1. By DSSP, what percent of the beta bridges with both residues in the chain are antiparallel, rounded to the nearest 5?
2. Report, by chain and number, residues whose modeled amide H sits under 5 Å from the one on Gly318, excluding near sequence neighbours (fewer than 5 apart, same chain).
3. If you rank Ser292, Ser238, Ser152 by how much accessible surface each has, with a 1.4 Å probe, what is the order from largest down?
4. Please work out the FRET efficiency for the pair Asp209 and Asp311, using the Cβ-Cβ distance as r and a Förster radius of 30 Å; give the result to the nearest 0.05.
5. What is the extension gain from Asp275 to Asp30, computed as 0.36 nm multiplied by their sequence separation minus the C-alpha to C-alpha distance, in nm to one decimal?
6. Packing-wise, with mean Cβ within 10 Å as the measure, how do 45-58, 138-151 rank, highest first?
7. Over its Cα atoms, what ratio of radius of gyration to 2.2 N^0.38 Å does region 137-232 give?
8. Just order 219-227, 104-112 by mean Cβ neighbour count inside 10 Å, highest at the front, would you?
Amino acid sequence: MNDIFENRIKVDNKTRVPVWFMRQAGRYHDHYQNMKKKNTFMELCKTPPLACEVTMGPIRDFDFDAAILFSDLLFPLEQLGMDLIYDPGPKLGFQIDKLEDIKKLNHNPDHNFFNFQAEATTLLREALSDTKSVLGFVGAPFTLYAYAVEGSHAGSLVSSKVGLFDGRYEAFCELLLPNVLHEMKIQAKAGANAVCLFDTAVGELTVNDFKEFAIPKIKYLTSEFKKEFPNTKIIYYSRNTHVKHLREIQDRNIDVLGVDWRHDLAEVINEFSKDYYIQGNFDPCWLHLEWSQVEKKLETFHKELVDANVDFSKWICGLGHGVLQHTPEENVRKTIQYIHKNFLY
Ligand code: CP3
């Protein structure tokens with residue numbers, strides 16, 4: 001069986017760099033837009049055959065090496081009773097503005113809540129050939145906390161940062177973490193080969209705050225998860241972080257670090273590939289260029305890694321974040337073809 005980690009696809013005695021994109025199933029894709037005509041985003045996520053079909057669209061159309069479960073990272077907030085709706089972006093019924101707001105959260109969560117993700121993952125594993133990996137995902141604790149406090153992860157996150165010191169972060173994480181751990185486990189049990197932890201907001205923290213507040217919660221999740229699923233990989237993606245943040249992670253239970261386009265990928269692979277696979281980090285905006293320009297960008301992107309003599313066996317190609325809404329579909333198709341043809345080692 002091929003996978004994006006150890007058993008990669010070989011072409012003429014060379015090995016192909018595997019590739020998948022966050023948001024590879026989404027609004028830029030005709031297949032998704034057609035399904036959205038008949039179903040709301042929430043229905044697509046929560047109806048397992050539909051979630052499976054949305055996930056499969058970009059696999060069939062573009063031949064990505066991994067399928068990422070179609071879902072959303074904010075569902076644990078709904079499970080906690082925060083009345084999540086998508087209109088079309090996410091909106092919560094209330095926010096955690098003060099410590100007493102923690103009392104409004106559901107302290108006895110329904111353990112069957114994430115069954116829709118488990119069922120969709122099972123269907124996906126059945127629908128996919130053995131040559132493709134299945135990825136589950138959850139939100140990382142700080143990012144989910146920032147959403148619960150701010151209703152988004154935009155802006156300066158003042159209230160979220162104050163909440164690190166007034167008890168809200170600890171109280172919220174105490175309720176959240178068992179639920180997110182359960183969500184990770186249910187995806188792994190249903191057949192996910194890896195589970196991603198997306199930490200989109202964490203780069204707003206100083207390196208010291210990242211170390212003091214974010215990392216211990218991540219380590220709790222990864223260590224508890226690996227006790228039960230030692231062979232399921234964990235991908236930790238953070239956005240807006242620096243190399244110094246990455247240096248502080250030091251978590252042997254994390255298998256892959258995903259980085260955004262601000263990082264010098266060659267430097268990151270050379271420094272961290274002894275400890276982790278590295279995933280990333282093409283700028284998603286480049287996919288909006290004319291194809292001839294995208295091709296040049298891809299060529300340079302690859303050449304810099306060759307020149308820096310990186311260990312290609314530890315690289316998973318991807319974007320620095322997710323595919324953007326108005327990305328031309330044709331550029332996604334050609335990019336995957338280009339990577340499969342040229343990123344060989
Ligand atoms: O293909 C895949 O990668 C799986 C699908 C996926 C979605 N959300 C579907 C989605 C994944 C991996 C996510 C993760 C997610 N969701 C994150 C972390 C990664 C990131 O983007 O930073 C975050 C912060 C969210 C929260 C969220 N959900 C936002 C901010 C939005 C609206 C704006 C936006 O950027 O899309 C959503 C809705 C959402 N989640 C859509 C999709 C396809 C759009 C729904 C629609 O309008 O049709």
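1. Beta bridges within the chain, antiparallel portion: roughly 15 percent.
2. Here Gly280, Asn281, Phe282 satisfy the definition.
3. Putting Ser292, Ser238, Ser152 in descending order of accessible area: Ser292, Ser152, Ser238.
4. Between Asp209 and Asp311 the formula returns 0.45.
5. Between Asp275 and Asp30, full extension yields an extra 84.3 nm.
6. 138-151, 45-58
7. 1.09
8. 219-227, 104-112
The values are calculated or read from the model by the stated rules, or taken from the named source; none is laboratory data. All of these numbers come straight from a predicted model, not from anything done at the bench. Using ideal geometry, Cβ is built from the backbone for each residue, glycine included, and neighbour counts are taken over all protein chains shown. Just so you know, the surface numbers come from the protein's heavy atoms only, side chains and all, with ligands and any DNA or RNA stripped out. Shrake-Rupley method; radii C 1.70, N 1.55, O 1.52, S 1.80 Å.
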